[in-house]
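Notes follow the structure.
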Amino acid sequence: SNNFQDSNKIKRTELNYDDMKKIILLLLFLNGIVLSYATRIEIDGIKYDTSELNKTAEVLKNNYTGSIVVPDEIEYEGIKYKVTSIGNEAFAKCEELQSIDLPSTITRIGDKAFQYCYGLESFVIPELVTMINNSTFEGLNIKTIKIPENVVRIGDYAFLGCDNLETVYVDGPVEQIG
């Protein structure tokens, strides 16, 4: 019975100050490595989140106005990043945005990306986009839009409040709407 009690005792490991310091430094170092893989930058008035890992960039929220041309590639500190994504709400509520030209490298357009961009009267969805997310184009003044053949899903409220929308061209087999 005494052996049973001894084997069930919990072993305690005590860390001294030097051990704790080493652990904290290791955690800070690892955190620095993770942070170095994503950098937020601004080039020519467009904000991006870059990924060191796959050398891609996502357009982020800013107060965009006028005509915007998103490049297919950006360069920062000697590294080139392919622009592949428009982030959630990236252009949302940019009421003074008149036109936007997206590169063919875009594969993802996030939720509410262009919501309430009342100044946008036309929009071209890049061919590589596979999904139109929730409320992506809510409130736009577009009259026609072409859904590329790679789009398989259109999210909830994607075109809510697009009162001037008269024609939607669908090139591919959209599998799910809403």
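Structure summary
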item	result
Net charge contributed by nearby residues that have their C-beta within less than 12 Å of Thr50 (K/R +1, D/E -1)	-2
Length gained when the stretch Asp19-Lys55 is fully extended (0.36 nm per residue, less Cα-Cα span)	9.3 nm
Residue-normalised accessible area of the stretch 85-178, given per residue in Å² at a 1.4 Å probe	49
Nearest-0.05 FRET efficiency for Thr130 and Asn164, computed from C-beta distance (R0 35 Å)	0.85
Neighbourhood charge, 13 Å Cβ-Cβ cut-off, centred on Tyr157 and excluding it, Lys, Arg +1 and Asp, Glu -1	-2
Virtual spin-label span in nm between Asn63 and Ser104, 7 Å along Cα→Cβ	3.6
Net charge dipole size for the stretch 82-178 [Lys, Arg +1 and Asp, Glu -1 on Cβ; Debye, nearest 20]	220
Normalised convex hull volume, the stretch 133-173, alpha-carbon set, Å³ per residue	56
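The values are calculated or read from the model by the stated rules, or taken from the named source; none is laboratory data. Keep in mind that this is a model prediction, so the values were computed, not measured. Note: ideal-geometry Cβ built from the backbone for every residue, glycine included; neighbour counts use all protein chains shown. Areas reflect the complete protein model, heavy atoms only, side chains present, ligands, DNA and RNA absent. Shrake-Rupley method; radii C 1.70, N 1.55, O 1.52, S 1.80 Å.
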